[in-house]
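Chemist: Attaching a single structure in structure tokens format; questions to follow.
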Amino acid sequence: MEDKVNQMAQLPEPQAAQDPVKWWSRSISAAPPMTLLETWMDVFSEVQSFLAERIRADVATQHALLHCTNPVDAQVIGLRHLHKLAEDYHRGAGRVTSLLHAVPGAASVLDE
């Protein structure tokens, strides 16, 4: 009984970083090809949607900057653009990460 308590009280040894090539080959062999293909299609679709939305936001900001009449308005437009940019990248990275968790074995690599 005391042995089990001692084992439970010990901290686990940190794992060495996984070799990405080994991880990738294991995840491919562990998952059906269609699951991987569908996941990567979802990831690429999300990335392209994100890029299209960012381009739309950039164009809207440039349009607003061209029509502003004083430097204070330009500064406010620029700050709003940067704030939205940071929020969008944060949200986009979260979505792509959640999509990648569908790949078997990816969660352990992504959460390191």
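The values are calculated or read from the model by the stated rules, or taken from the named source; none is laboratory data. It should be emphasised that the depicted structure is a prediction, and the values quoted were computed from it without experimental measurement. Quick reminder, even Gly has a Cβ in these numbers, built from the backbone with ideal geometry, and neighbours come from all protein chains shown.
Chemist: Tell me, please, whether a residue that is more than 21 Å from the chain's Cα centre (by Cα) and exposed (fewer than 14 other Cβ atoms within 10 Å of the Cβ) can be found in segment 88-101.
Modeler: Scanning segment 88-101, I find no residue that is more than 21 Å from the chain's Cα centre (by Cα) and exposed (fewer than 14 other Cβ atoms within 10 Å of the Cβ), so the answer is no.
Chemist: Ala52 fails exactly one of the following numbered conditions: (1) touching a helix residue (DSSP H, G or I) at 6+ places or on another chain (Cβ under 9 Å); (2) modelled with pLDDT of 95 or more. What is the number of that condition?
Modeler: (1) is the only condition that Ala52 fails.
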